[in-house]
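Visitor: The structure is given below, and queries will be raised subsequently.
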Amino acid sequence: QNRSKGCPLALTAKHATKASHNFIDSPLDVDLEVSLRNRLVENSVEFEFALDHQSGFDFIGATCFKWTLAGGEEITIPLKARFYCKGVYNLQSVRLTVLKTDVAVPYLFPLQWTIEVEDKI
């Protein structure tokens, strides 16, 4: 697997860094917006987007798909993270595989998208 430096796609996210919830009533859903931008200006990039399963929470939304971004184009994926108990979680679970002719190149993104979830009780 390759490091994110060589990846033609830039990966960013928007999310809350803290949340408080009474888990007796229901789980907590937190908005997570993941953006991918093609850093190549003149070439399109075909890729697979996938979210790896994490213990302690689930993702709701488009967790796995194939897409092609034209040069400089960006896509935003609206998701929710569902939490069942308090804790500190890293939401960065994105796995990108760039699809080149006859080759699939996976990329790792050593990022921390941390959220602290507290119980209101």
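Visitor: Any idea of the accessible area per residue across the chain, 1.4 Å probe, to the nearest Å²?
Guide: Heavy-atom SASA per residue in the chain reads 59 Å².
Visitor: Let me ask something else. How high is the relative contact order of the stretch 79-119? Use alpha-carbon pairs under 8 Å, at least six apart in sequence, and give a whole percent.
Guide: 50 percent
Visitor: Please give me, ordered by residue number, the trypsin sites (Lys or Arg not before Pro) of the stretch 1-89 that lie in loop per DSSP and have at most 16 other Cβ atoms within 10 Å.
Guide: Hits after loop and neighbour filter: R39.
Visitor: For the charge dipole of the chain, defined by +1 on Lys and Arg C-beta atoms and -1 on Asp and Glu C-beta atoms about the Cα centroid, which residue among I24, T97, F59 has the Cα displaced farthest towards the positive pole?
Guide: Positive-end residue among those listed: T97.
Visitor: Also, quick follow-up: I'd like the FRET efficiency for C64 and T101, computed as 1/(1 + (r/R0)^6) with the beta carbon distance as r and R0 of 30 Å, rounded to 0.05.
Guide: The calculated FRET efficiency here is 0.85.
Visitor: GluC sites (Glu not before Pro) within the stretch 1-108: which are DSSP loop residues with at most 12 other Cβ atoms inside 10 Å?
Guide: Those that pass, being in a loop and sparsely packed, are E42.
Visitor: In terms of Cα to Cα distance under 28 Å, which lysines are near enough to K120, apart from those fewer than 8 places away along the same chain?
Guide: K14, K18, K80, K86
Visitor: ³J(HN,Hα) across the stretch 57-69 via Karplus (A = 6.51, B = -1.76, C = 1.60, θ = phi - 60°), whole Hz, x for Gly/Pro?
Guide: Taking θ as phi minus 60°, the curve returns 7, 10, 9, 10, x, 6, 9, 7, 6, 9, 8, 10, 9 Hz for the stretch 57-69.
Visitor: While we're on this one: What is the gain in length, in nm to one decimal, between E73 and L111 on full extension, counting 0.36 nm per residue of separation less the C-alpha to C-alpha distance?
Guide: In short, 11.5 nm is gained.
Visitor: Could you check how much of the accessible area of the chain is carbon and sulfur, as a whole percent, using a 1.4 Å probe?
Guide: 49 percent
Visitor: With charges only on Cβ, +1 for K and R and -1 for D and E, what is the dipole size of the chain about its Cα centre, in debye, rounded to 20?
Guide: It comes to approximately 280 debye.
Visitor: For the chain, report the % of Cα-Cα distances exceeding 24 Å.
Guide: In whole percent, the long-distance tail amounts to 32.
The values are calculated or read from the model by the stated rules, or taken from the named source; none is laboratory data. It should be emphasised that the depicted structure is a prediction, and the values quoted were computed from it without experimental measurement. Neighbour counts run over all protein chains shown; Cβ positions are idealised from the backbone, glycine included. We work out accessible area using only protein heavy atoms, side chains counted, and drop any ligands, DNA or RNA first. Shrake-Rupley method; radii C 1.70, N 1.55, O 1.52, S 1.80 Å.
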